[in-house]
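Below is one structure; the comments refer to it alone.
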Amino acid sequence: MKGLVLAGGKGSRLRPLTATGAKQLVPVANKPVLFYALEQLVAAGVTDIGIITGDTAEQVEAAIGDGSAFGAEVTYLPQPAPLGLAHAIITAERWLGNSRFCMFLGDNFLRGGIVPYARHFRERPCASQILLRRVEDPTSLGVAVLDGDGRVQRLVEKPREPVSDLAVIGVYFFGPEIHRITPTLVPSARGELEITDAIQGLIDAGHEVRAQTITDDWIDTGKKDDMLEANRLVLGSLQRRIEGDVDAESTIVGAVVIEAGATVIGSTVRGPAVIGARTTLRDAYVGPFTAIGPDCELSGCEIEHSIVLEKSIVRDVERRIADSLIGREVIVERSPLRPQAVRLMLGDHSRVDIV
């Protein structure tokens, strides 16, 4: 079985953070979310992996390389435009050949991994096996209607009426039968070839489509709050590890990881939290569920339940920072200028909450 990981797309819901970067490379607990997908595929015995790339192909290739660091062999498959998930399968058709495959959306986070679902698909092959999760509000998702034996009868995209609470998540298993369906698809109202239409095409053609309902945490990390929730889940399983330098005036409480080369001076870190390599904390407080990336500087500030990406600086901020996602090479500091005022330089699609 091969793996097909989607790492294209625009990442519009995470702008401006993704204006020049791949959304799949935004880190969760200091590791790009795309890495979790690759690791979970390899753990399930899927080591021949194709990665669909778009405008950020160069960044993705630089981060992943040939895949050997993950125990995989990676092939890059450029998609000319983000024309839908089913179009990604068309893009990869020659590489996939007649192999069965697992398609994994590179910005989806599934805490429990895919090992049992991959095993089930190998043991009981079918045209498609999809993963479902019960949700409170299915109106913004694709949902599945099942028969009594767990086979999928139909899929409904963003239903106005609650026909089902079983949402289709971003991990799919397919047999080669899908390649007979994708050429027949027509673009949806948003101009894309939809994966739900492709799966419905398999059902309409008489192929068996089965579903498994998961209970693990699943997050589509397309928005800031989703990233913070995924970060919280990963940090919640941290094991304490102190490899950096912590002075006698500092306090480290709970499950805290301080990477090699990091320096903590006169500061408090309350876990779960991770402090990246070569980062310096000075007279700072880092609270629970916070991931500080490498090469950062935090001084005279307090922060919790947040993600700070590499090479950023936060200093002399009087109010505690919380529930925040701070990008790369960002500077957040108190200005010495008078008269006092809020002075901002923000990119498109930014959001600032001022209290």
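Of note:
- DSSP-defined beta bridges in segment 1-147 - what % are antiparallel, rounded to 5: 10
- Placing R0 at 56 angstrom, the Cβ-Cβ distance between Asp147 and Ile331 gives a FRET efficiency of 0.45 after rounding to 0.05.
- Computed over the chain, the percent of Cα pairs more than 37 Å apart is 25.
- Extension gain, Asp48-Glu208: 0.36 nm per intervening residue step, less the Cα-Cα distance, totals 55.1 nm.
- Rounded to two decimals, the Cα radius of gyration of segment 59-104 over 2.2 N^0.38 Å is 1.26.
- Dividing the summed -39500 (n - 2.57) terms of all DSSP H runs of n ≥ 4 by the residue count of the chain sets its mean residue ellipticity at 222 nm at -5000 deg cm²/dmol.
- Over all Cα atoms in segment 7-143, the spread is summed up by Rg and Dmax: 15.2, 44 Å.
- Projected label distance in nm at Thr75 and Lys158, using a 7 Å step from Cα toward the beta-carbon: 3.4
- What the Cβ-Cβ distance of Val135 and Arg180 gives, at R0 = 45 Å and to the nearest 0.05, is a FRET efficiency of 0.90.
- The listed peptides 73-86, 147-160, ordered by packing as a protection proxy, come out as 73-86, 147-160 (highest mean of other Cβ atoms within 10 Å first).
- Counting only Cα atoms, the size of segment 249-315 along its three principal axes is 25, 21, 20 Å, in decreasing order.
- Residues of segment 72-116 falling in the label zone of Asp220, defined by backbone nitrogen less than 13 Å from a point 7 Å along Cα to beta-carbon, are 85, 105-109.
- Scaled against 2.2 N^0.38 Å for its residue count N, the alpha carbon radius of gyration of segment 166-316 is 1.53.
- Separation between Cα centres of segment 270-325 and segment 45-93, rounded to whole Å: 32
- Extension reserve of the Arg241-Glu39 stretch, reckoned as 0.36 nm per residue once the Cα distance is removed: 70.6 nm
- Net charge of the neighbourhood of Ile258, taken over other residues with C-beta under 13 Å away and scored Lys/Arg +1, Asp/Glu -1, is 0.
- Sites Arg124 and Arg94, calculated FRET efficiency, Cβ-Cβ separation with R0 25 Å, nearest 0.05: 0.35
- Solvent accessible area, Å² - Tyr36, 1.4 Å probe, full protein context: 30
- Heavy-atom SASA rank of Ser306, Ser250, Ser335 (probe 1.4 Å, accessible area, largest first): Ser335, Ser250, Ser306
- Taking label points 7 Å from Cα along the Cα-to-Cβ direction, Ile265 and Asp165 give a separation of 5.4 nm.
The values are calculated or read from the model by the stated rules, or taken from the named source; none is laboratory data. A quick note: this is a predicted structure, and the numbers were derived from the prediction, not measured. Neighbour counts run over all protein chains shown; Cβ positions are idealised from the backbone, glycine included. With ligands, DNA and RNA removed, areas are computed over all heavy atoms of the protein, side chains included. Shrake-Rupley method; radii C 1.70, N 1.55, O 1.52, S 1.80 Å.
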